[in-house]
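Everything on this sheet refers to the single structure shown next.
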Amino acid sequence: MSCSPSSSNPPTTPKAVPLTELAETGQIILSDNPRLINVTHQIPYACTLLDRHCTTNSASAASACSGVCPSSVPPPINRRASYIAPRLHPASHTQLHVNESTSPSISASDPSITTSLDPTTSTACSHHPDGDWLLEQRRGHSALYSGVMSLRDEMETVQIGWVGELADRDGYVAPCKSLTDSQKSALKDKLWQKEKVVPIFLDDSRAAGHYEGYCKTVLWPLFHYILWDEATDGRIEKKNWDDYVFVNQQFADVVVEQYRTGDIKRVEILNGLLGANQIGFQTYSYARHFISCCTRVNGYESTPRGVDAMGSTVWVGTFPIGIDAERVERQRKAPEVLPKMDAIRKTYKGKRIIVGRDKLDLVKGVQQKLRAFEKFLNDYPEMQGEVVLIQVTSPPLVESPKLEAKIAELVAHINGTYGSLNFTPVHHYHQHIDRDEYYALLSVADIGLITSVRDGMNTTSLEYIICQNENHGPLILSEFTGTAGSLGGAMMVNPWDYQGVAKVIYDALNLSEEDKISRYNQLHKHVLGHTAQIWAKNFIAELTLNVGTWDQSAPTPYLDSAIITKEYGKAKKRLLMFDYDGTLTPIRKTPGAAVPQEHMLKALTALAADPNNIVWVISGRDQKVLEEWLGSVKNLGFSAEHGSFMRQPGSSKWVNLTESLDMSWKNDVIEIFTYYTERTQGSFIEHKRSSLTWHYRMADPEFGAFQAKECQNHIENAVLSKLPVEILVGKKNLEVRPTIVNKGEIVKRLLSQHPDVEFVMCAGDDKTDEDMFRALAGNSNSNNSGRKNSSTIIEPYNDDLVAETAAKIAQANLEHTLEHSSMIPHLHLSANANGQATNGEALQKPSLANPDQASPTSESTTPSSGSSLGSSESPSSTSYLDNHEHFSITIGHALKKTLANWHVTSPEELIRILGILAGTIEA
């Protein structure tokens, strides 16, 4: 597939890929020269169509050209003010004139703000080839674009984004739907040739519903802890949600079209945020809250460094963006800036200037700034007539007439109360100003004042610091901005504390020169050390490191019903072993609610009634519960409390495998569990004959997990160090049991008792069931040491490998045992003479095991496993695993770290398979 969207090699039509059905992968392979695919809301360029209609400044000239202009183009629509930017063509320009004698109340019709047409505009028609476009740098997000573009020297960079609102050269909107194919193709070619930019064309209504609708009115307030100020019936939100999904799908299609194996994606739209390898946030608090939400809402396990989701670790980091300091330094010294600086100084001669520049938005704190400035003038009357506030508010994407009216009223009130005929304390400009005027204001200011009540990084503060290289004016910064945690040299304020802000303004105006220089040097050093370029490099470096050291376990394939049915039908003797909770029944909030379902009992009864089957339920439940719920199933074997008790099929007698063990450790553990139960609301203790379990499923997810870790550390230090017990971390629970008691020992015992089985099926869902899978893998290991063409995978739970991997992950807080690679179906470990796995051989393509591959002279070796609770297995016993396949099935995601060789995603899917095998349902 060609990466260039040129007309000569047009890209293939992308296949629609639903966001929830993107291909799962357990391996990330970076190419030697990876590309960076950067996806942003808009491309970095504002695009102007030059051939839409003719440009004149007289009606007669327009009439003369009317026959030339395309008739298919609809009448022009006024371009929205929020998108107006200085054009590079000579059509028009806007200038801000500052005059000390302006009216106390500044409005859009204020005479000091003038817009004029360039008198040099030609009256002759200007014609351009069909599809000719003018590209100009887009307003806003310059730090993001600069950071990403700085990586072009190191890797190929592809930029994907919406084209934004298109316009003709007179500033009128050119709807995407009115563009011809040749015009779109010309724009694609021009953008790709310029900087490998791939545009996405969206209907204007869809684009507005996606960004201005759902993103700005639903997501942004939600993510910034802001309550909505009005209730609706939900119809608008539903329409905006549909637009949001549609637009994201368009982005996904283009990303899929452009993606090559080995590329690096900085994408937040593929399969949701947790479909990424790494997620970066501007501030630590945002990252912490995101991890917290993943734990509370989705129930995923997490650490301070990331989230374990869908079988893989999604790394979460803090990457505060900076600005392109060199570009700002260069632009603030442009020849056009200096005259404007002199004009402002002349206009406000003898006055101290406070500058504020914000978007007119509730969270930007413009109201709070004005009220604090009013408090300053009231508390420090000697400053009246000496200090002026120049406040520039850029129009937002969605106009807010109520807020605009409130700001105008406040400005009028302050100017009317503290102003005079020759002095206006507040100069408010509700408009966009050009870059030269902006840098001139920042350069001549005595104070930069930012009072956001909730904000992201607020790069205005960083640009102010660069512009103050000569003046060293102090920066007053709201503690609620993203930069507050980084700019230690700024004077922090709470924007809601008007008196506090007024006091800080007064202190800033009276700082000594030595103090100002000291604070400024600290701020300047930070800005230069955290530029947009450094931000981009750090993000990609961290991403590459995490991907390179990520546990690249192969995906566990979905259970193939055809294969298991075929193998089941061929076998004359079968052994079937199942966990209960989360396997034969869904996980419930309370243990007593997990009663068996009727269709599950029907399938289990049919399987147990088959004389060729040996069926066992190996559960952590106690004997009483298993008998009450499953006792009606005849010929069903039971193992209770994770292998502490056994009851043979057809028998009513339980055998206590732990009766010779010392259970005095329970007293110490009960005391610790009770301590944490009293301090963790919703937690409780489950008493079993050979184990104790502390459940916190009904507790607050985050606090419960925190208390569980504290409890685990307490038990490890106080109990595990001196008694032969172990602590098992389960799903929202901690279980303490004797060291030699686990489900794997029961599996070994059953395999020893039935060495002639030809089919083995074992299913489970959590970490306790990995002991069963490990026992099967170990048995397969030892009994296939002489097998030809056997493949090798890294042995899980190898201490040296775990330590080596943990070191590579660079202090990642791995609190679970690293299972280094999943068992791939039909693959087996080759073993040395001692029954240990060997390393170094490559994985082969999965294939069904062939009995003919077994060496007739190969010896069977049983791996040592410590104490086996008096297991009757002997070194010479041979199991079915010599020549036949086994089916270890985990319940969960394909990328779940497991020793199983198959997976299903829910208990219902496993029960369906059991019904097919039992003949209770049709395949």
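The values are calculated or read from the model by the stated rules, or taken from the named source; none is laboratory data. For clarity, every value in this text was computed on a predicted model and none was experimentally measured. When we count neighbours, we look across all protein chains shown, and the Cβ atoms used for this are built from the backbone with ideal geometry, even at glycine. Side chains included, ligands, DNA and RNA excluded: accessible areas come from the protein's heavy atoms. Shrake-Rupley method; radii C 1.70, N 1.55, O 1.52, S 1.80 Å.
The table below lists the values:
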item: ³J(HN,Hα), Karplus 6.51/-1.76/1.60, whole Hz, each residue of the stretch 433-448, x for Gly, Pro; result: 10, 6, 4, 5, 5, 4, 5, 5, 4, 5, 6, 8, 5, 8, 9, x
item: Whole-Hz couplings from phi, Karplus 6.51/-1.76/1.60, listed for the stretch 377-392; x for Gly and Pro; result: 5, 6, 7, 10, x, 5, 8, 5, x, 10, 10, 10, 10, 9, 10, 9
item: Lysines whose Cα lies under 30 Å from that of Lys190, excluding same-chain neighbours fewer than 8 positions away; result: Lys15, Lys177, Lys265, Lys537
item: Å² of accessible area per residue within the stretch 585-672, as computed with a 1.4 Å probe and no ligands counted; result: 46 Å²
item: ³J(HN,Hα), Karplus 6.51/-1.76/1.60, whole Hz, each residue of the stretch 668-678, x for Gly, Pro; result: 5, 5, 4, 4, 6, 4, 5, 4, 7, 5, 5
item: Surface share of carbon and sulfur [accessible, 1.4 angstrom probe, percent] for the stretch 363-446; result: 50 percent
item: Gyration tensor (alpha-carbon) shape descriptor, the stretch 479-564, a/c threshold 1.5; result: oblate
item: Accessible surface of the stretch 526-654 [probe 1.4 Å, protein heavy atoms]: carbon and sulfur percent; result: 55 percent
item: Only Lys, Arg (+1) and Asp, Glu (-1) charged, at Cβ; the stretch 311-394 dipole about Cα centre in debye; result: 260 debye
item: Eligible lysines near Lys743 by straight Cα distance, threshold 21 Å, same-chain separation 8 or greater; result: Lys624, Lys653, Lys666, Lys688, Lys731, Lys732, Lys767, Lys896, Lys897
item: The stretch 517-627 shape via C-alpha gyration tensor axes, a/c threshold 1.5; result: prolate
item: Cα gyration tensor shape for the stretch 595-679, rounded if a/c is under 1.5, else prolate or oblate; result: oblate
item: Å² per residue, accessible surface of the stretch 300-354 at 1.4 Å; result: 49 Å²
item: Point-charge dipole on Cβ atoms (K/R +1, D/E -1) for the stretch 142-190, about Cα centre, debye to 20; result: 160 debye
item: Solvent-accessible area per residue for the stretch 419-533 (1.4 angstrom probe, square angstrom); result: 36 Å²
item: Among 680-687, 34-41, the order from most to least packed when residues are scored by Cβ within 10 Å on average; result: 34-41, 680-687
item: Long-range lysine pairs (8 or more apart or interchain), the stretch 333-465, Cα under 22 Å; result: 15
item: Distant-in-sequence amide H partners of Ile921 (H built 1.01 Å from N, under 5 Å); result: Ile916
item: Stretch gain in nm, segment Glu716-Trp241, where the contour uses 0.36 nm per residue and the Cα spacing is subtracted; result: 166.1 nm
item: Portion, in percent, of the accessible area of the stretch 659-775 that falls on carbon or sulfur, probe 1.4 Å; result: 49 percent
item: Other-chain or far-sequence residues with amide H under 5 Å of Trp162's (modelled H); result: Gln42, Ile43, Ile200
item: Exposure of Lys732 as accessible area (Å², to 10), given a probe of 1.4 Å and all protein chains; result: 50 Å²
